[in-house]
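Trainee: Got a structure for you, written out below as structure tokens; questions coming shortly.
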Amino acid sequence: MCGIVGAIAQRPVVEILLEGLRRLEYRGYDSAGVAVVRDTGDLVRSRALGKVAALTDRLADEPIDGKLGIAHTRWATHGVPAERNAHPHFSGEWVGIVHNGIIENHVELRERLKNDGYRFDSDTDTEVVAHLIDVFRRKGISLLDAVMAARCELQGAYALAVISPDETDTLIVARHGSPLVIGLGIGENFIGSDIQALLPVTSRFIYLENGDVAKINRHKIDIYDANGERVSRPVKESSAAMCSAELGEYRHFMLKEIFEQPQSVAATLENRLAGDHVLPSLLGAPDALEKLAQVEEIQIIACGTSYHAGLVGRYWIEANTDIPCHVEVASEYRYRRQPPRKNMLFVTISQSGETADTLAALEKIKENHGCMATLTICNVAESSLTRESDMSLMTMAGPEIGVASTKAFTTQLVALQLLMVLLMQAKGADKARVEQITADLRKLPALIEQALDLNPKIEVLSERFIEKHHSLFLGRGELYPVAMEGALKLKEISYIHAEAYPAGELKHGPLALVDSEMPIVTVAPSTGLLEKLKSNLEEVRSRGGELYVFADREAHIKADDSLHVLEVPHVPELLAPIVYTVPLQLLSYHVAVQKGTDVDKPRNLAKSVTVE
Ligand code: AGP
């Protein structure tokens, strides 16, 4: 989704802005642009369709620079990807603006501004905001007051950064819904949609709250809350390492992140397991165990990959506790009437912590006092979800750059296991069972290492998929959501149509699709439902389907011409969803590489979906 960078310094800022944009490329975008107030006092911009590299080339041919500037990567929502729709947008020569989010009442505002004589050069909702700010600026008030006045008329979600040659020592930002962070320098300050953009220039950050507006000078920052009151927000020192966004020896971030999973899983377990139990302190709330003891029901809300993690979590929680657990995608849940529920724990799962639908679902439940406590499983400390939730269970995956989620998913599964064990402890479950699960969890990094050893074999296998247009993924029980995640990976990066089914559902319809052209990927660990799954595989085989089965030796599945078996290490039943995810990630990665797609930035997708 759109990325924002801004700087106010005593040195030229265009190079800083471009580097910030490069570091936001992972979010997904279709055009990029930069605007500065030159030392001569004029507002100028440069924009290009396509990658930041295209903007860099343009700036090399026609350089602009200044000590106050804003920059943007655009992911089209209103208006096609085109240079005229790329940000920054201007109102005449006086207001320059970049925006992340959606202005819902832009049509009415556009009509009104047109009647006032404003001309529109783009189809975007953002240009409306630029003109609206200009309406107030013309009344002779400061840029800060003009932005404050304009925001009162905006409906929707936004993060805004505004500059004007009227005030060469001022960068104004406003946040409502979409994230925005201020980076603190010495005699210079910066803004960005996330800290990744600013790590080359600072490690000290202020996270704006919803409704905040800030006036940023080179030496001073004034922040005002939604009521216009001066407020102070804490400065946080980030330990995020700059090099974590580097590729190193890997060809793609996705491959790097797949291979980082033993470490990210180990980091998610570190300091959270005592000898024979899970430490409740991991939830960051002193009364966590007492709260969990009262839980009578759980609602998990998430999107995409994080939703799949939630689905696995439901199997685990319901199998090991007496607590009913429901899982729903945030975009549906947020618009559905919810009957009030007693003693419900509301759990959000998100890599970014900024997904608009998930945040909206959390806001809704809080507004309606519809739950006992909120908990987020999240990978980004200081994200909106962690700040808005009562408790946070952080995944320690480190920055995930590839749009296709990999290590975020497996660490979410680990976090769900930790939550499940905490619930068991809080409800007084059998100590031996808790001890067994914690002992098994410790084996996980080594088991993932073993699964990664399948990489060369999977690379060879992937050649069989490159001419395919469709595929089916099968699993049963908690391996069904793993099949869903495998199908999502394949479709999002290789663009091959992939559907996941619980294997028992095959004969109720999808079996009609099966012929020798249809690859059918199956995850078949030797767990309780294996014999049922084997019968489902026979149904496919007798219709000439081409089967690719990931199974352990104990599953005793015999390979033949149309049934290819890839041997996965034998794992304790509860860990199977985590370990069996790894070969599916590798499969989609290699298919995408062979097809020549943009693995880390697949078409039409964004890393962090901060608009509805
Ligand atoms: C999956 O590979 C995608 N990146 C996507 O489905 C993602 O999981 C979804 O947009 C939710 O993002 P979040 O975890 O940051 O909330």
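The values are calculated or read from the model by the stated rules, or taken from the named source; none is laboratory data. Note that this is a predicted model, so its numbers are computed, not measured. Every residue, glycine among them, receives a Cβ derived from its backbone with ideal geometry; neighbour counts consider all protein chains shown. When the accessible area is computed, the model is the full protein with side chains, heavy atoms only, and any ligands, DNA or RNA have been set aside. Shrake-Rupley method; radii C 1.70, N 1.55, O 1.52, S 1.80 Å.
Trainee: Give the residue, chosen from Val521, Val579, that is under 31 Å from the mean Cα position of the chain (by Cα), assigned to a helix (DSSP H, G or I) and modelled with pLDDT of 95 or more.
Mentor: Working: Val521 fails: assigned to a helix (DSSP H, G or I).
Answer to the selection: Val579.
Trainee: Consider Ser392 carefully, then state whether it is part of a loop (DSSP other than H, G, I, E, B) and either of a type in the set (Ser, Thr, Tyr) or within 15 Å of the ligand (Cβ to nearest atom) (or both). Show your work before the answer.
Mentor: Details: part of a loop (DSSP other than H, G, I, E, B): no; either of a type in the set (Ser, Thr, Tyr) or within 15 Å of the ligand (Cβ to nearest atom) (or both): yes.
No: the conditions fail for Ser392.
Trainee: Here is a check on your reading of the model: is Leu418 within 16 Å of the ligand (Cβ to nearest atom), farther than 23 Å from Val593 by Cα, within 23 Å of the chain's Cα centre (by Cα) and part of a helix (DSSP H, G or I)?
Mentor: On the way: within 16 Å of the ligand (Cβ to nearest atom): no; farther than 23 Å from Val593 by Cα: yes; within 23 Å of the chain's Cα centre (by Cα): yes; part of a helix (DSSP H, G or I): yes.
For Leu418, the condition - within 16 Å of the ligand (Cβ to nearest atom), farther than 23 Å from Val593 by Cα, within 23 Å of the chain's Cα centre (by Cα) and part of a helix (DSSP H, G or I) - is not met.
Trainee: Taking only region 338-376 into account, find how many residues are under 30 Å from Asp430 (Cα atoms) and within 16 Å of the ligand (Cβ to nearest atom). Explain how you work it out, then say what you get.
Mentor: In the first step, residues of region 338-376 are kept if they are under 30 Å from Asp430 (Cα atoms); the result is 341-349, 371-376.
Cutting the leftovers down to within 16 Å of the ligand (Cβ to nearest atom) gives us 346-349, 374-376.
Number of matching residues: 7.
Trainee: Of everything in region 464-483, what is more than 17 Å from Val565 (Cβ to Cβ), touching a residue at least 12 places away in the same chain (Cβ under 8 Å) and out of contact with any Leu (no Cβ under 9 Å at 6 or more places or on another chain)? Give them in sequence order.
Mentor: Ile466, Lys468, His469, listed by residue number.
Table: residues versus (1) modelled with pLDDT of 95 or more; (2) open to solvent by 10 Å² or more (accessible area, probe 1.4 Å); (3) within 21 Å of Gln585 (Cα to Cα).
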residue: Gln417; (1), (2), (3): yes, no, yes
residue: Ala439; (1), (2), (3): no, yes, no
residue: Asn455; (1), (2), (3): yes, yes, yes
residue: Arg464; (1), (2), (3): no, yes, yes
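Trainee: Before we move on, is Arg112 among the basic types (Lys, Arg), in contact (Cβ under 8 Å) with a residue 24 or more places away in the chain and open to solvent by 10 Å² or more (accessible area, probe 1.4 Å)? Full working, then the answer.
Mentor: Values: among the basic types (Lys, Arg): yes; in contact (Cβ under 8 Å) with a residue 24 or more places away in the chain: no; open to solvent by 10 Å² or more (accessible area, probe 1.4 Å): yes.
For Arg112, the condition - among the basic types (Lys, Arg), in contact (Cβ under 8 Å) with a residue 24 or more places away in the chain and open to solvent by 10 Å² or more (accessible area, probe 1.4 Å) - is not met.
Trainee: Taking into account only those residues within region 309-337 that are open to solvent by 10 Å² or more (accessible area, probe 1.4 Å), in contact with a helix residue (DSSP H, G or I) (Cβ under 8 Å, 6 or more places away or on another chain) and over 26 Å from Lys427 (Cα atoms), which is farthest from the ligand (Cβ to nearest atom)?
Mentor: Arg334
Trainee: Among what's in region 215-240 and is in a strand (DSSP E or B) and acidic (Asp, Glu), pick the residue that is surrounded by the most Cβ atoms within 10 Å (Cβ to Cβ).
Mentor: Of all residues in region 215-240, those in a strand (DSSP E or B) come to 215-216, 221-224, 230-231, 235-237.
Imposing the further condition that a residue be acidic (Asp, Glu) reduces the set to 222, 237.
Details: Asp222: 13, Glu237: 8.
Result: Asp222.
Trainee: Tell me, which strands (runs of 3 or more DSSP E) wholly within region 6-105 include 3 or more residues that are at pLDDT below 95?
Mentor: Details: elements: 31-37, 43-49, 68-74, 89-91, 95-103.
Where strands (runs of 3 or more DSSP E) fall fully within region 6-105 and carry at least 3 residues being at pLDDT below 95, they are 95-103.
Trainee: Same structure, new question: What about Gly545, is it open to solvent by 10 Å² or more (accessible area, probe 1.4 Å), away from the ligand (no atom under 15 Å from the Cβ) and either small (Gly, Ala, Ser) or at pLDDT 95 or above (or both)?
Mentor: Details: open to solvent by 10 Å² or more (accessible area, probe 1.4 Å): no; away from the ligand (no atom under 15 Å from the Cβ): yes; either small (Gly, Ala, Ser) or at pLDDT 95 or above (or both): yes.
No; evaluated as a whole, the condition is false for this residue.
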